[in-house]
Amino acid sequence: MKTLISATLLAIAAFPATATDDMAHLDTVPVINDCKLQTETVCPKADLQGADLSHMDLRSADFRGVNLQGANLSHTNLRGANLDGANLDGATGYRLQLYRASIRGAKARNATLPGLQGEYLFAQGADFSGSDLSGANFAFSRFSGATLIETKAPFSSFEIAWLPKANLQGADLTGSDLQEAKFGHANLAGARLSGARIHFATFEGTFMEGCTDCPHDW
């Protein structure tokens with residue numbers, strides 16, 4: 001009997017150590033090219049090309065000038081992050097979270113970013129040419145001087161967004177919410193606004209040649 005009890009106590013004593021060892025990896029912070037992938041990380045100009053950052057919590061990260069070309073950003077949380085001047089060309093990010101983030105002057109050309117959550121996004125001078133932004137939410141965001149040539153953004157929201165001097169040539173804004181959006185001196189040549197909500201939007205000085213369902217008599 002004493003032998004049985006001793007064996008049981010030894011097994012119980014050993015269990016916590018085994019459990020701790022098995023779960024130790026859960027506390028490990030992933031590192032790519034010296035960049036710790038965690039909230040509030042500071043990795044300006046880091047090379048994360050092609051990296052899989054999907055489902056990561058990178059809130060308030062300092063990613064200024066970072067190379068995210070071809071990276072996987074699906075369901076990644078970059079809320080409040082700074083990506084000014086970053087390269088997101090060819091990146092994939094289903095429902096990427098960019099609430100109150102900044103991507104001024106960033107390149108996100110030919111990227112696949114449907115369902116992007118970008119309310120209050122600072123995207124002045126950013127380039128989204130050829131990208132898929134279907135169903136994205138850019139309410140209250142700023143796109144002054146941004147480039148969205150041939151960008152696919154049907155059923156997206158640009159409600160009360162600022163787009164002065166933005167280049168949306170050939171952009172697909174079918175069914176989008178453009179209520180109170182500011183398009184002063186923007187380029188909507190060849191764009192498609194069929195079914196879009198444009199109540200109280202402003203288009204002063206906007207170029208609309210070849211635009212489908214643009215308010216030419218605005």
(request) From the list Ile149, Ile160, pick out the single residue that is part of a loop (DSSP other than H, G, I, E, B), touching a residue at least 12 places away in the same chain (Cβ under 8 Å) and touching a Phe, Trp or Tyr at 6+ places or on another chain (Cβ under 6 Å). (result) Ile160
(request) Confirm whether Tyr94 is in contact with a Lys or Arg (Cβ under 6 Å, 6 or more places away or on another chain) and aromatic (Phe, Trp, Tyr). (result) no
(request) May I ask you to verify whether Gly115 is out of contact with any helix residue (DSSP H, G or I) (no Cβ under 8 Å at 6 or more places or on another chain), under 16 Å from Ala186 (Cα atoms) and part of a loop (DSSP other than H, G, I, E, B)? (result) no
(message) Anything in region 118-128 that is assigned to a loop (DSSP other than H, G, I, E, B) and open to solvent by 30 Å² or more (accessible area, probe 1.4 Å)? List them, or say none.
(response) Glu119, Tyr120, Gln124, Gly125
(message) Against the condition buried (at least 21 other Cβ atoms within 10 Å of the Cβ) and free of Cβ contacts under 8 Å to residues at least 40 places away in the same chain, how does Ala139 come out, does it pass?
(response) no
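Conditions tested, residue by residue: (1) free of Cβ contacts under 8 Å to residues at least 60 places away in the same chain; (2) over 15 Å from Asp172 (Cα atoms); (3) surrounded by fewer than 21 Cβ atoms within 10 Å (Cβ to Cβ).
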{"site": "Asn72", "(1), (2), (3)": "yes, yes, yes"}
{"site": "Leu78", "(1), (2), (3)": "yes, yes, no"}
{"site": "Ala81", "(1), (2), (3)": "yes, yes, no"}
{"site": "Leu88", "(1), (2), (3)": "yes, yes, no"}
{"site": "Ala91", "(1), (2), (3)": "yes, yes, no"}
{"site": "Leu96", "(1), (2), (3)": "yes, yes, no"}
{"site": "Ala101", "(1), (2), (3)": "yes, yes, no"}
{"site": "Leu113", "(1), (2), (3)": "yes, no, no"}
{"site": "Gly130", "(1), (2), (3)": "yes, no, yes"}
(request) Report, by residue number, each residue of region 129-146 that is over 23 Å from Glu204 (Cβ atoms) and part of a loop (DSSP other than H, G, I, E, B). (result) Ser129, Gly130, Ser131, Leu133, Ser134, Gly135, Ala136
(request) Go through region 40-57 residue by residue and tally those that are in contact with a Ser or Thr (Cβ under 6 Å, 6 or more places away or on another chain) and either modelled with pLDDT under 95 or of a type outside the set (A, V, I, L, M, F, W, C) (or both). (result) 3
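The values are calculated or read from the model by the stated rules, or taken from the named source; none is laboratory data. Keep in mind the model is a prediction, meaning the values are calculated, not measured. When we count neighbours, we look across all protein chains shown, and the Cβ atoms used for this are built from the backbone with ideal geometry, even at glycine. When the accessible area is computed, the model is the full protein with side chains, heavy atoms only, and any ligands, DNA or RNA have been set aside. Shrake-Rupley method; radii C 1.70, N 1.55, O 1.52, S 1.80 Å.
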